[in-house]
1. Would you please name the residue that is nearest to Glu518 (Cα to Cα), looking only at residues in segment 568-598 that are in contact with a helix residue (DSSP H, G or I) (Cβ under 9 Å, 6 or more places away or on another chain) and open to solvent by less than 10 Å² (accessible area, probe 1.4 Å)?
2. Taking the condition of being out of contact with any Asp or Glu (no Cβ under 9 Å at 6 or more places or on another chain), in contact (Cβ under 8 Å) with a residue 40 or more places away in the chain and not acidic (Asp, Glu), how many residues in segment 79-100 meet it?
3. Taking only segment 107-136 into account, find how many residues are in contact with an Asp or Glu (Cβ under 6 Å, 6 or more places away or on another chain) and hydrophobic (A, V, I, L, M, F, W, C).
4. Given the conditions (1) in contact with a helix residue (DSSP H, G or I) (Cβ under 8 Å, 6 or more places away or on another chain); (2) outside any loop (DSSP other than H, G, I, E, B); (3) open to solvent by 50 Å² or more (accessible area, probe 1.4 Å), which single one is not true for Asp561?
5. Does segment 149-166 contain any residue that is under 29 Å from Leu669 (Cα atoms), β-branched (Val, Ile, Thr) and touching a strand residue (DSSP E or B) at 6+ places or on another chain (Cβ under 6 Å)?
6. Pull out all pairs, ordered by first then second residue, where Cβ-Cβ is under 7 Å, the residues are six or more apart or on different chains, the first lies in segment 101-114 and is of a type in the set (D, E, K, R), and the second is open to solvent by 30 Å² or more (accessible area, probe 1.4 Å).
7. Within segment 627-635, does at least one residue satisfy the condition of being of a type in the set (A, V, I, L, M, F, W, C) and more than 27 Å from Ser520 (Cα to Cα)?
8. Report yes if Ala426 is small (Gly, Ala, Ser), out of contact with any Phe, Trp or Tyr (no Cβ under 7 Å at 6 or more places or on another chain) and in a loop (DSSP other than H, G, I, E, B), otherwise no.
Amino acid sequence: METLLQDIRYALRNLAKAPGFAAVTVLTLALGIGANTAIFSVVNGVVLRPLPYPEPERLMFITSQFPALGFDQFWISAPEFLEFRDHNQAFENVGGYRAGAANLGTEQPSRVNSIVVTHELLEVLGVNPLVGRKFTREDTLPEAEDVAILSYELWQREFGADRGAVGRVVPVNGVPTRIVGIMPPGFDVHDAKVEIWLPLTLDPKNPGGRGGHFLYLVGRTKPGVSIGQARADTETLLMQWAKIAPNTHVPDSKNHRFRIDSLHEDMIGGVRTALWVLQGAVGFVLLIACANLANLLLARSESRHREFAVRTALGASRTRLLRQFLTEGVVLAIMGAVVGVGLAYSGLRLLLAANPDSVPRAAQITIDPPVLIFTLIVAVLTGLLFGLSPLLHVRETVLHGALKEGGTRTTGGKARARTRSALVMAEVALAVVLVAGAGLLLRSFWNLMYVDAGFNRARLSTFGLVLPTAQYREPTSRPAFFTRVLDRIGRIPGVNSAAAMSGLPPLRLVNANDTNFEGSTAKPPPDGPIPNVDYYQTVTARYVETMGIPVVEGRTFTETDAGGPPVMLVNEALAKRFYPGSSPVGRRIKPGGPNTPWFLVVGILKDVKQGGLDQAVGTELYFLYEQLGRLGDGVFVPNNMNVAVRSDLELDALAPSLRQVVREADPALPMVKLRTMRDVFGESVARPRFIAQLLGAFAGLALLLAAIGTYGILSYNVSERHHEIGIRMALGASRSSVLGLVLKQGAKLTGIGLAAGIVGALLLSRVLATLLFNVRPTDPATMAAVTLFIAAIALLACYVPARRATRVDPIVVLREE
């Protein structure tokens, strides 16, 4: 221990003598280690850390599948939930939920994330409220009092953490609702960011229709039951389901299946690959930093070769010197790690604030003890890695030459030259891999942002309004309210048109419904399900004009349609699927249940992206909102609509007028997410943008470090060959030939690094395949652009020391000789 402390003190004294070297080294390490710490904290919080429930490995996410319709994860109906809960043999308990949003009527009306749950769900999750109680079976019965449980965060924000909030009655969706509990901090379900919990009213004797799929299920397996056993039990249950509910449409093993996944795996499956790619990227950045520092230490050790020789002559063994080198390396690495943790902490806060919805479980991301342990391990390994580089200078022949020459400078030797060159080539190769990956992701993100979504997003703003059913119970009152609001918005100076829609493109949930088609020429699959439409879209009369959607055939809605027979519009995808080789215009379509009327198709609209910019367009039906309210009880009239406003004004100038219109129409209604349509598009691609930006930043850092490394090694070589260059020029070598000599050396290192990097990028590009959109992992254009770009940067880094070499004065060199 005493020897170790002595080595540490000696290392600190040496660093104090070279503050510039120490600052550069610590900063380089801080960037590399800090980046690794930041990304590992994300990986740890999202992927590695168990869910915050008791025995989380027993929690399963249960959904349904409709293979013939292409639905791999779909909701489950209430009757199916009750039957699954009561007849499965693998689960201890099963609960259901539906995530959404609710109007909260506090002093300032707000729209909060809500979740409607069966009373079993909180039992399944195994977490009790911090204050108050859980829901009971009685809370879910039709005549029960309306109750709610608040999230800890909403309780803090809206109720000032007052324990007296439990028992208070507040309006939720316009209904007086009693608060009965407060959940613990950070408590959530499937990353829904729940702020208020509401019980699902479910009558066991009359749970509703089997076609009404709206629940996701979470089940806790019995002790000792694996996910494989749970799936096998479900297969057995599917084969017996017809006996449970005879003479009804029930799940089966072919057309309507159940799917069981680990709750944790289902939450993170979509981001796992991307996070490990980022972790690998920052690992490459750290390797490049280590290569740079190894070269820096090699160069510094040239100035310490006499020190090594003297210590060896006084009896220090190579092992003793090696221990000193490693100690210095670890001391530097730990200093860099301390600064890096600070950078990681600040970077994480900025990162999560700018991209709060880019990754699941964002609330679990923090720099905790496991992350700090990871950082310490990385720091020690890093210090050991680049701390070994001066070992090349303690070979006996080098030390003997140092003493014999009395302290004058000795030649570095071929071994050290080869080592430095190899390090530079490795830096370039690693930079190529990172820049190629970033280039592919940035091209993919560019393709996403400029994909044709089917409408004109320029100068378009939007916000949501949700009418409480308690106040707008009559179906006719809902279209009437929006008609008034849209009319007032249309009179605002600078507004060109305004409309409302039930679903906001380009990213919304599928609301698939069984549909009947008159005169359809499509052949239904044998023994297949009833034809299904992906999206039902309810719109107001000026929707097509406001959104800028081209009419492909027929006409759009008119204001006179409100009082006429039922009419609808369809999209191109629906026309091609159900009327191949013919036209649906003039045909009738009957959506939903038996009490809905037939609608006459009057027009076909261009396809609009609804399920995501990177997804294929689904089939879609458009209904006229002003018409639905008078068509009877069999027709659903939405109370949740998104207002779209096309205006020449910027949103900042338009927003006060929009807020005034809503306030005058109903002061209790909160405006939901007032933003431009470009912001909506940006939010829909938040995850790929997050990944592309991070990888791009790391690639830029890697390229900068590689350029610095190339510049450093060539500068060192020029200074080392100072005499040789001077003699060459004295013998007649021109400045251009000297320039070419140095550039050739740099080009050789760069060329080998580029070749190795391209091979590595092609091998690793398959990892990125699932993250790309409309670009191949081996895209030649991207690879060529990356090669040319890095070659240009590298040659620029070579040119500066090459120019310095041409300025060597041969007379001065000869005098030195």
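The values are calculated or read from the model by the stated rules, or taken from the named source; none is laboratory data. The structure displayed is predicted, hence computed values, not measured ones. Reconstructed Cβ throughout: ideal geometry from the backbone, glycine too, with neighbour counts over all protein chains shown. Only protein heavy atoms, including side chains, enter the accessible area calculation; ligands, DNA and RNA are left aside. Shrake-Rupley method; radii C 1.70, N 1.55, O 1.52, S 1.80 Å.
1. Ile589
2. 8
3. Within segment 107-136, residues that are in contact with an Asp or Glu (Cβ under 6 Å, 6 or more places away or on another chain) and hydrophobic (A, V, I, L, M, F, W, C) number 1.
4. (3)
5. Within segment 149-166, one or more residues are under 29 Å from Leu669 (Cα atoms), β-branched (Val, Ile, Thr) and touching a strand residue (DSSP E or B) at 6+ places or on another chain (Cβ under 6 Å).
6. Arg111/Ala101; Arg111/Val672
7. No, that holds for no residue.
8. Considered against the rule, which asks whether it is small (Gly, Ala, Ser), out of contact with any Phe, Trp or Tyr (no Cβ under 7 Å at 6 or more places or on another chain) and in a loop (DSSP other than H, G, I, E, B), Ala426 comes out as no.
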